[in-house]
Amino acid sequence: MRHWFRCFVLLALSVHTASGHAQSAVSDRAHLLDASAAALPHDAPQNAHQAAVQQDENLPEIIARKRDALSIEREAVMKVYEAQKKLCWQKFAVNPCLIDARRQRRQALHPLQEQELSLNAQERLWRTEQRSLRLQNKSPLPKDPS
């Protein structure tokens, strides 16, 4: 049991570390975009605006990539859980072993669920911003009283 728990913890840590590197790479890329936008002083406002627009356009792709990474991590956790479950059925005390396996699975899935909720919130915010921009573009210009 301890051997599988160690394997599970190592796998969970490696998956979590890999997602942390991916997130830091995305934040580094956004930081580089901001830095490159500020590099040209005479075009800084225009470049900053273009970088923000480009980042807004790429946000769904970034969220999709993060979701794909989360699903891969979730599949890895579920594979470990299934392996633990199979081992539990080989033991005399099946129920305590299954309870421990489920507890470990929940502990491993909890950070993934939090990250997914964060992605959902980011996507909702982006969609709200996009909707407000569309509505601003649709609104008629105020009529001139003269």
* **Within segment 79-121, tally of residues that are surrounded by fewer than 15 Cβ atoms within 10 Å (Cβ to Cβ), closer than 28 Å to I63 by Cα and of a type in the set (S, T, N, Q)** => 4
* To do: Quick one: in segment 85-106, of everything that is in contact (Cβ under 8 Å) with a residue 24 or more places away in the chain and under 31 Å from the mean Cα position of the chain (by Cα), which residue is farthest from R67 (Cα to Cα)?
  => D100
* Asked: Which ones in segment 122-136 are within 21 Å of the chain's Cα centre (by Cα) and either surrounded by 11 or more Cβ atoms within 10 Å (Cβ to Cβ) or not in a helix (DSSP H, G or I) (or both)?
  -> Q122, E123, L125, W126, R127, E129, Q130
* Read through the list (1) of a type outside the set (A, V, I, L, M, F, W, C); (2) at pLDDT below 75; (3) in a helix (DSSP H, G or I), then give the number of the only condition that P41 fails. => (3)
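The values are calculated or read from the model by the stated rules, or taken from the named source; none is laboratory data. The structure displayed is predicted, hence computed values, not measured ones. Counting neighbours? That spans all protein chains shown, and the Cβs are built from the backbone with ideal geometry, glycine included.
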